[in-house]
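Encoded as structure tokens, the structure appears first; notes follow it.
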Amino acid sequence: MGSITLKNVRKAFGDVEVIPGVDLNINEGEFVVFVGPSGCGKSTLLRLIAGLEDVTSGTIEIDGSDVTDAGPAKRGLAMVFQSYALYPHMSVKKNIAFPLKMAKMPEAEQEKRVAHAAKILNLDSYLERKPGQLSGGQRQRVAIGRAIVREPAAFLFDEPLSNLDAALRVNMRVEISELHNNLKTTMIYVTHDQVEAMTMADKIVVLRAGHVEQVGSPMELYAKPANKFVAGFIGSPNMNFIEGEGAAKHGAHTIGVRPEHWSLSTSEGEFPGTVGVAEHLGSDTFLHIDLDNGTHVIARAEGEFAVHHGDRIFLTPQEGRIYKFGKDGLAA
Amino acid sequence: MATRQTQSLAKLMRAPAIILLLIWMIVPLGMTLYYSFLNYNLLNPASTSWAGFFNYKYFYTDPAFWESIWNTLVLVLGVLLITVVGGILIAILIDKPIFGQGIVRILVISPFFVMPPVAALIWKNMIMHPSYGVFADIAKFFGMQPVDWFAQYPLFSIILIVAWQWLPFATLILLTALQSLDGEQMEAAEMDGAPALQRFIYLTLPHMARAITVVVLIQTIFLLGVYAEILVTTNGGPGNASTNLTYLIYRAARLNFDIGGAAAGGIIAVVLANIVAFFLMRAVGKNLD
């Protein structure tokens, strides 16, 4: 239960084509993350799968049966919204039980499932409260609870962590990953945060302007980005791109070097430059460097690296860690 | 210290307005109370005398009294029912984006701008008239006997007219409530397998509860005093079939020139309004906090 196939799915709002045609296979039990900059169509794609938007053309299949024209309720999917979309006048218990009540499940079975979900999500002591009396993280858990009681074919998450503060976000990230390991249900997760994508996904789908730029495991995308866009999007801080003479020496139109793949030296190296701001994080030091050829790059040094604003520095890309791109932006 | 000075200064500054409002309220109420204990008839204003509770007894034993209270309640509840149910339906209807939405909304709201006597006269002469009203034409078109609305269903006719006037108010308040309903909640309910009717019952109605409360409270205050519509259409008749408490008081004061009796009726009306308000606040007021 829980494989989803998109075949040439197109979506246009009037004359504006948001998704020009997407083919995608999501296997049973996979944790798939749709990632891309805002406005890339990732949320629209999720809503198409959910059935909240109608496709303009193409087909969507869940477990091999065509659900393109089926309503959202008929698809057996559960969704967690960015705003959580809890029902404000119902208690946590009633919120979680709502989909079961709509499915006309017997009371006893409802109670059992709600209790089970509450236990998984640590909501036992909040069951009688209203959503308004809960913190952001608790609301998030109620929304997830409402999704899991239905035992859906797949979970859809629409930027579920973007309203939480940084510390809580890291916690919930781990909790959702843990949940996936326990339930082994297909999950589709939309985010603009590449860190969430890298840490949680089995498979990342990178989208830009409605196009699928690349599909692959986090490490595949990190190690073998298909083009400059994916290379720049995956990894933090972003990959540095150098064009012109420096790139020509390596036989490419553009070369990309990740901040963690520079060898730093204060005496000699391939690219000389001047140190700008240095961000000392303790475990790492991020150096903002203006190269003499006019490019601004970021380099990571492990631990403390004793340079100061205005010092001269020399950068050399590590052997075999150079990404080469042709004029069209594709990996060469 | 400075705060306390500011506070007493603020009290001093507020005082004139509050005193003025108090006088505005207390003086008429006091005078009504005073008159209600007098034998005071405008046909013979020179000979006024102390009446004790006679006016109250007289008003209370009037055969029209209980009927008028019953009519008042029927009128208020009838209009509330029509305006709240109709208001919700119209609000849902015009909440959907349609061509000419702005104009439609203005047209829906426009009955509220028509003065009550004018509206009632239009209904009486152009819509409900048994020989040249619109309803009569419709009845004749289907080959039926036209209904003489004000003779056969006097109270219902008045309820219809008043409901028509208050429907826009209810619609407007309920529409704004409807527009503040979160779209993602509706989508979540859709994903949860709730069909349209269930979404309405479990999401839309609870969301609108507060707005409905406001509509019920405000309308009740105004509907207890409906008068103009009765005056220009049925004159409270036939018999006392469409006489409410307000109209009964009017009749005592203006047709019988009995100031004392009318004042006693007024005091009874004030007491009744407070009883209604008390129960209303207990019943629906919890939605307001």
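The values are calculated or read from the model by the stated rules, or taken from the named source; none is laboratory data. The model shown is predicted, which means the values in this text are computed figures rather than measured ones. We place every Cβ from the backbone using ideal geometry, glycine too, and count neighbours over all the protein chains shown.
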>> I need every pair where a residue in segment A:58-83 that is under 15 Å from A:T185 (Cα atoms) has its Cβ under 8 Å from the Cβ of a residue that is part of a helix (DSSP H, G or I) and among the polar types (S, T, N, Q), sequence separation at least 6 or different chains.
In response: A:V80/A:Q140
> Of the numbered conditions (1) more than 14 Å from chain B (Cβ to nearest Cβ); (2) part of a loop (DSSP other than H, G, I, E, B); (3) surrounded by fewer than 15 Cβ atoms within 10 Å (Cβ to Cβ), A:A167 satisfies every one except a single condition; which is it?
Replying inline: (2)
>> Please pick out the residue among A:K11, A:K7 that is away from chain B (no Cβ under 14 Å), crowded, with 21+ Cβ neighbours inside 10 Å and either touching a strand residue (DSSP E or B) at 6+ places or on another chain (Cβ under 7 Å) or assigned to a loop (DSSP other than H, G, I, E, B) (or both).
In response: A:K11
> Could you list, in sequence order, the residues of segment B:224-238 that are crowded, with 22+ Cβ neighbours inside 10 Å and under 18 Å from B:I127 (Cα atoms)?
Replying inline: B:E229, B:I230, B:T233, B:T234
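Within segment B:36-47, can one find any residue that is within 28 Å of B:L280 (Cβ to Cβ) and not charged (D, E, K, R)?
Of all residues in segment B:36-47, those within 28 Å of B:L280 (Cβ to Cβ) come to B:36.
From what is left, the residues that are not charged (D, E, K, R) are B:36.
Taking every residue of segment B:36-47 in turn, at least one turns out to be within 28 Å of B:L280 (Cβ to Cβ) and not charged (D, E, K, R).
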>> With assigned by TED's automatic domain parsing to the domain that holds A:P317 and surrounded by fewer than 17 Cβ atoms within 10 Å (Cβ to Cβ) as the only criterion, which of A:G256, A:G282 stands out?
In response: A:G282
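Checking the structure you have, find out if any residue of segment B:195-215 is away from chain A (no Cβ under 14 Å), at pLDDT 85 or above and surrounded by fewer than 19 Cβ atoms within 10 Å (Cβ to Cβ). I'd like the intermediate steps shown before the answer.
Pass one, segment B:195-215, residues away from chain A (no Cβ under 14 Å): B:214-215.
Subset that is at pLDDT 85 or above: B:214-215.
After this cut, where a residue has to be surrounded by fewer than 19 Cβ atoms within 10 Å (Cβ to Cβ) as well, the list is B:214.
Yes, because at least one residue in segment B:195-215 is away from chain A (no Cβ under 14 Å), at pLDDT 85 or above and surrounded by fewer than 19 Cβ atoms within 10 Å (Cβ to Cβ).
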>> For a quick check of your reading: which strands (runs of 3 or more DSSP E) sit entirely within segment A:22-136 and have at least 2 residues that are within 13 Å of chain B (Cβ to nearest Cβ)?
In response: A:77-80
> Any idea how many residues of segment B:174-190 are crowded, with 19+ Cβ neighbours inside 10 Å and either more than 14 Å from every other protein chain (Cβ to nearest Cβ) or touching a residue at least 24 places away in the same chain (Cβ under 8 Å) (or both)?
Replying inline: 3
>> What's the total number of residues in segment B:142-156 that are of a type in the set (A, V, I, L, M, F, W, C) and either in contact with a Cys (Cβ under 6 Å, 6 or more places away or on another chain) or not in a loop (DSSP other than H, G, I, E, B) (or both)?
In response: 5
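Looking at segment A:64-90, which of its residues are surrounded by 15 or more Cβ atoms within 10 Å (Cβ to Cβ) and in contact with a Gly (Cβ under 8 Å, 6 or more places away or on another chain)?
To start, the set of residues in segment A:64-90 that are surrounded by 15 or more Cβ atoms within 10 Å (Cβ to Cβ) comprises A:67-68, A:72-73, A:75-87, A:89-90.
Listed by number, the residues that qualify are A:V67, A:T68, A:P72, A:A73, A:R75, A:L77.
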> Given the conditions (1) within 14 Å of chain A (Cβ to nearest Cβ); (2) free of Cβ contacts under 8 Å to residues at least 12 places away in the same chain, and given that B:A253 satisfies all but one, which numbered condition is not satisfied?
Replying inline: (1)
> If a residue has to be buried (at least 18 other Cβ atoms within 10 Å of the Cβ) and either assigned to a strand (DSSP E or B) or of a type in the set (S, T, Y) (or both) to count, how many in segment A:186-214 make the cut?
Replying inline: 15
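Could you please find all residues in segment B:9-56 being among the polar types (S, T, N, Q) and surrounded by 10 or more Cβ atoms within 10 Å (Cβ to Cβ)? Walk me through it before giving the result.
In the first step, residues of segment B:9-56 are kept if they are among the polar types (S, T, N, Q); the result is B:32, B:36, B:39, B:41, B:44, B:47-49, B:55.
B:T32, B:S36, B:N39, B:N41, B:N44, B:T48, B:N55 - these are the residues of segment B:9-56 that are among the polar types (S, T, N, Q) and surrounded by 10 or more Cβ atoms within 10 Å (Cβ to Cβ).
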> Are any residues in segment B:173-196 closer than 24 Å to B:V284 by Cβ, assigned to a helix (DSSP H, G or I) and among the aliphatic types (A, V, I, L, M), and if so, which ones?
Replying inline: B:I173, B:L174, B:L175, B:A177, B:L178
> So which residues in segment B:57-93 are in contact with a helix residue (DSSP H, G or I) (Cβ under 8 Å, 6 or more places away or on another chain), surrounded by fewer than 17 Cβ atoms within 10 Å (Cβ to Cβ) and either without any contact (Cβ under 8 Å) to a residue 40 or more places away in the chain or aromatic (F, W, Y) (or both), if there are any at all?
Replying inline: B:Y60
> Checking B:A163 against (1) outside any helix (DSSP H, G or I); (2) among the small types (G, A, S); (3) more than 14 Å from every other protein chain (Cβ to nearest Cβ); (4) buried (at least 16 other Cβ atoms within 10 Å of the Cβ), which test does it fail?
Replying inline: (1)
> Exactly one of (1) among the charged types (D, E, K, R); (2) at pLDDT below 90; (3) out of contact with any Phe, Trp or Tyr (no Cβ under 7 Å at 6 or more places or on another chain) is unmet by A:E268. Its number?
Replying inline: (3)
> Listed residues B:I88, B:I103; which is β-branched (V, I, T) and more than 24 Å from the chain's Cα centre (by Cα)?
Replying inline: B:I103
